[in-house]
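Working notes, beginning with the structure itself.
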Amino acid sequence: MKKNTDVLFKNLKKNYSIDEAKNEIDEILRSYGENVKITFYKTGCEIVDSYKVRDVDTRHRVCEIIARSGVTNRSYEDLSAEWRFHNDAWDIHLKRDSAKDVMLDYDGDPRKSVRTATAIYDAVDHE
């Protein structure tokens with residue numbers, strides 16, 4: 001069962017500039033360690049040590065802020081599904097070097113395997 005996003009996103013702004021999004025997200029991620037931060041690039045944003053973030057509400061809030069920053073047309077659900085795929089890959093030691101950080105491309109991951117897995121996670125992810 002999907003969470004009530006009205007409650008989850010209640011205190012979020014309607015729109016964020018890149019700087020506002022970075023500051024808000026870094027503040028949210030601070031409790032996961034000083035290295036867990038987001039960087040916005042031209043074609044995507046990267047969260048270093050994203051595997052440390054296990055709380056689904058945190059993941060959803062961060063992804064919604066990214067979506068509200070205007071850098072992507074991807075939904076928070078799609079962004080979150082890709083991030084969860086990275087976390088699961090980390091857990092099972094699948095390409096751990098690239099799974100420890102998540103790079104969320106604004107147009108979707110260029111790798112077919114990641115796009116396919118993300119679509120599956122997005123369709124069945126109810127957490």
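Rule-based calculations on the coordinates, nothing more; no lab input. None of these values were measured; they are calculated from a predicted model. Every residue, glycine as well, gets a Cβ built from its backbone with ideal geometry; the counts of neighbours run over all protein chains shown.
Give me V48, V7, V62 ranked fewest to most by other Cβ atoms within 10 Å of their Cβ, as a rough exposure proxy. Don't skip to the end; give the middle numbers.
Numbers: V48 16, V7 9, V62 26.
By the 10 Å Cβ count, ascending, the order reads V7, V48, V62.
Highest GNM mean-square fluctuation, the chain, Cα pairs closer than 10 Å: which of K22, K42, K13?
Per the Cα network of the chain with a 10 Å cutoff, K42 tops the list.
Take the Cα gyration tensor of the chain, multiply each eigenvalue by 5, square-root it, and list the three semi-axes largest first, rounded to whole angstrom. Walk me through the numbers before you get to the answer.
Details: eigenvalues 81, 55, 45 Å².
Calculated on Cα positions only, the semi-axes equal 20, 17, 15 Å.
With the crude spin-label approximation of a point 7 Å out along Cα→Cβ, what separation in nm comes out for R115 versus I92?
Going from the R115 label point to the I92 one covers 2.2 nm.
With an 8 Å Cα cut-off and a minimum separation of 6 or more residues, compute the relative contact order for the chain in percent. Can you show the working numbers first?
Working: 164 pairs, mean separation 34.9, N = 127.
Averaging sequence separation for qualifying contacts and normalising by length gives 27 percent for the chain.
When the dipole is taken about the Cα centre of the chain, and only Lys, Arg (+1) and Asp, Glu (-1) are charged at their Cβ, what size is it in debye, to the nearest 20? Write down the numbers at each step before the final one.
Details: 22 positive and 25 negative charges, 19 e Å.
Dipole about the Cα centre, nearest 20: 100 debye.
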